[in-house]
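Let me begin by presenting the structure, written as structure tokens, before commenting on it.
The values are calculated or read from the model by the stated rules, or taken from the named source; none is laboratory data. Just so we're clear, the structure is a prediction, and the values are computed from it rather than from any experiment. Backbone-built Cβ (ideal geometry, glycine too); neighbour counts: all protein chains shown. Surface areas here come from the heavy atoms of the whole protein model, side chains and all, with no ligands, DNA or RNA. Shrake-Rupley method; radii C 1.70, N 1.55, O 1.52, S 1.80 Å.
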Amino acid sequence: QVHVVESGGGLVQPGGSLRLSCAASGSISGIYTMHWYRQAPGNQRGVVASISSSGRTTYADSVKGRFTISRATAKNTVYLRMNSLKPEDTAVYYCNADYGSRGDFWGQGTQVTVSS
């Protein structure tokens, strides 16, 4: 089993920045890809950014140039640096640890609110 924990959410003014952290721990080794998703009220959960075990990154169009996903040396910890935040970035942000055919595991989510 794998335990995924996010942290770093909070309230920030438009134009501000936040950094989210995600740590995965457990009995399965060799994470393939880690993802950040978000879900706003009334919307479906959608992927924001992903980083593979080799460091390849992808981003949703809505966050390109503003968000940066990175991975710690241990590779089971990822970060999401969010700059130039907008009210429409308000959502619960979830981390997903993707082990490929061995399954994937979700954190409990962390709330990000962008408001003046």
Practice problem: Please identify, among Leu11, Leu85, Leu20, the residue showing maximal mean-square fluctuation in a Gaussian network model of the chain using a 10 angstrom Cα cutoff. | Solution: Leu11
Practice problem: Could you point to the residue in Thr58, Ala23, Thr90 farthest towards the positive end of the chain's charge dipole, with +1 and -1 charges on the Cβ of Lys/Arg and Asp/Glu respectively? | Solution: Thr58
Quiz prompt | Label-point separation, Ser52 to Ser25 (7 Å along Cα→Cβ), nm | solution = 2.9 nm
Exercise. Note down the magnitude of the dipole of the chain about its Cα centre, charges +1 on Lys and Arg C-beta and -1 on Asp and Glu C-beta and zero elsewhere, to the nearest 20 debye.
Key: 240 debye
Self-check item: Within the accessible area of the chain (1.4 Å probe), percent carbon and sulfur
Solution: 47 percent
Quiz prompt | Gained length - Gln44 relative to Ser84, 0.36 nm times residue gap less alpha-carbon distance | solution = 12.1 nm
Self-check item: Cα centre as origin, Lys/Arg/Asp/Glu Cβ charges: the stretch 1-68 dipole, Debye
Solution: 140 debye
Exercise. Determine the shape class of the stretch 26-66: with a ≥ b ≥ c the square roots of the Cα gyration tensor eigenvalues, call it rounded for a/c under 1.5, and otherwise prolate if a/b is greater than b/c, oblate otherwise.
Key: oblate
